[in-house]
1. Cα atoms only: what Rg and Dmax, in Å, come out for the range 573-689?
2. Give me a comma-separated list of calculated 3J(HN,Hα) values for the range 206-221, in order, Karplus coefficients 6.51, -1.76, 1.60 applied at θ = phi - 60°, integers in Hz, x for any Gly or Pro.
3. Report the extension gain between Ala46 and Lys419 in nm, rounded to one decimal, defined as 0.36 nm multiplied by the number of residues separating them, less their alpha carbon distance.
4. For the range 400-557, just say rounded, prolate or oblate: build the C-alpha gyration tensor, square-root its eigenvalues into a ≥ b ≥ c, call rounded for a/c under 1.5, and beyond that prolate if a/b exceeds b/c, oblate if not.
5. Give me the Debye-computed log₁₀ of I(q)/I(0) at q = 0.29 Å⁻¹ for the range 231-286, equal point scatterers on Cα only, no solvent, two decimals.
6. May I ask you to list the trypsin sites (Lys or Arg not before Pro) in the range 174-228 that are in a DSSP loop and have at most 14 other Cβ atoms within 10 Å of their Cβ?
7. Can you work out the Karplus-derived ³J(HN,Hα) for every residue in the range 663-677? Use 6.51 cos²θ - 1.76 cosθ + 1.60 with θ = phi - 60°, whole Hz, and x for glycine or proline.
8. Provide, for q = 0.17, 0.22 Å⁻¹, the log10 of I(q)/I(0) from a solvent-free Debye sum over equal Cα point scatterers in the range 240-369.
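Values in this text are rule-based calculations from the coordinates and carry no lab data. Only a predicted model underlies this, so the values are computations on that prediction, with no experimental measurement involved. No Cβ is skipped: glycine too gets one built from the backbone with ideal geometry, and neighbour counts run over all protein chains shown.
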Amino acid sequence: MSNKKFDLFKRLVELPSLVSIIMAILFFAIHVILCTYTRIPVAICALALVIIYLIASVIIHLSVQKRMSLFRIASDASEEQNNGVIYTFRHLLRSPYAVVTDKGKIVTVNSAMKNIAGAAATVFNSDIKEICDIPFDYIVKHATDSDISEIPEEDQEDIELLSDKKTICQIADKDFHIDCYPLYSKGKLFYLLMFNDVTELRALSAKHRAEHSCVAYIVIDNLDEIAQYAQVSYQAEATHVDAILKQWAKERGGILREYDRHKYMLLFTRQSMLACAKAKFEILDRVREVTLGEDNMPITISIGITTMGDTLAEREHEALVCLEMALQRGGDQAVMKNETGTFFFGGKTKSQQKKSGGHSRVISTKLCSMIQNASNVIVMGHSNPDFDSIGACIGIAALSMYLGVRVKIVTNTESENFKACTNRLCELADYKNIFVDDVTGLGESEFGTLLVIVDANNFKILEAPEIAANSFKTVVIDHHIKKEEFENEPQLVYIDPSASSASELISEILEFSVPVGTLRKEEANVLMAGIMVDTQNFTRTVGTRTFAAALYLRSAGASPEYARTFFELAFEDYHTEAQFGMGAEIYRNEIAITTSEGTGSSQDRVAAAKAADKLLSVRNVNAAFALVLIGNMVHISGRSNGKINVQLILEKIGGGGHFDVAGAVVADSQLDTAKEKLIEAINEYMDDTNK
């Protein structure tokens, strides 16, 4: 019997004697009073009081004896029950448990705990961390499953409770999920740790996750274009690629079906998808080994693959979105999307420009219809506009005016590039009030407004991102590789990384949309300057469509000689460009890197781009990067001769662009730090490419 119960029992035993003494004193006092103030004989009074005293004593004694008997029965039953509970917990409960102090020291464990952890590890006062290899503070924080309101207020401040259960440990090759429950005994805090065996559940969950079905779309993205250049039949090569894809699907345990000419759907498991990602989608390299024509031009494929979506139909839609992104990034790559994000693989081959402008014809028809149905049009490019961004904006404005729809261009009218190429244009009546700032542009936005974004697909770098965020109808026309998905999908997206410039794409649209003689020479000159700046005067990233667009602009009155005057430098800019050459170095035998502190002007970005262009003229240099410090940000311009994908390199440090022209901004940085990040990105790209 416990000490508390024994003390209570002892008090119950002593109670009748105490009551009897008190009653005897009381009755004696009554006897004295009655004999003093009444005429009752002393003997009779004493006899009567004695009889009453005896009767009362017997009644009290019997009552106490009855209560003592009931107490003994209850105490014995409680003791027996406690012993049964303790025995059950220690010997019969199959789930291992341990009671520990608030410091994680073991107080007691049951037989199941000793069986899995061993008797040596479960001795009194040993640390629970030795059993589960998890710090006790972490267990209390992440595995507690009690309501804090049940804990005394004076102890609540010292205990951190979370409702989520994250604690899983491994003991004797089994996985156990830990639940933690606070206990109180004699004012002291203890914890009951329950170890629940989740080995089979985790194995089943892992199997279910590994066998989760994925949907992939695959297209051969450049076969027709290569055949046009090579002027040969490609049936044998197409059959070879088909066989490679089928063999790859078989190796991965998937199902491959060709649903259209050179287009496939693949179904396989998440486990297979992760294996492909681990191998960096080597199928891209296997297909690239198939070449066509005398120049051995490689055939490439694009893949969009995802596990996202609760149903196969949802995953099929997401896979199409990923495929579209792969194509918009230039093809020859895989875009994989899962719960942790979107990942890109490949992109080692420069996209081949299509000879046919058929897609531009379809886009022009859709764009004209959208402009005609809009109440007004707002055109916008990226901040710090270059000639390509300004020229593309002018082209959309010319199309809108031809269709009779009110149009405004949101741009920085204080930009030196803007002033250089729009002097004559602003003299035209239609362009007197067409250029507005971001505040005025936001005021022009309404429900029926059509926003046309050109020369950019990243809304964060636009001249006025708030206008794009509040637009109901948006069109994106760009030639840069798409870096990420749109937060709100535009109504029309035309991204062609194989095009030399946005001005080239807009020129094609104008050629299909407006009658000959409609485009004015002032407008054509700005569009021509846009093409010239992005092609380095028609020496880089040009194709037949580029020259066709230039020919169209020439027929509209554009003069390359006049457009070249836009590029004339001020002496300060010439001096800034010269500073880059002083710090140039060659890295890994084929990459040129140069840096400059700059002058603090935004024109330093242009100087950096020109410096990177000039470095490409150095023998054996396949890529060039120029870094310039403007404020607390380092701007990086990357250029390539087509052998190295500078877009993939700069994408690793938050930049973007396309295969041979790209840029990045490293915020809150110095030149040395930004250069180190660039070198790390170069090393990672080169190591992956050389594998």
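1. 12.6, 38
2. Per residue, the Karplus-derived 3J(HN,Hα) values read 5, 5, 4, 5, 5, 8, 4, 6, 10, 10, 9, 10, 10, 9, 7, 8 Hz.
3. 121.2 nm
4. Oblate is the answer for the range 400-557, as a/c is 1.5 or above yet b/c matches or exceeds a/b.
5. With one equal scatterer per Cα and no solvent, log10 I(q)/I(0) is -1.27.
6. Qualifying residues, ordered by number: Lys186.
7. Taking θ as phi minus 60°, the curve returns x, 7, 10, 9, 7, 6, 9, 10, 4, 5, 5, 5, 5, 4, 5 Hz for the range 663-677.
8. After summing over all Cα pairs, the log10 values are -0.98, -1.45.
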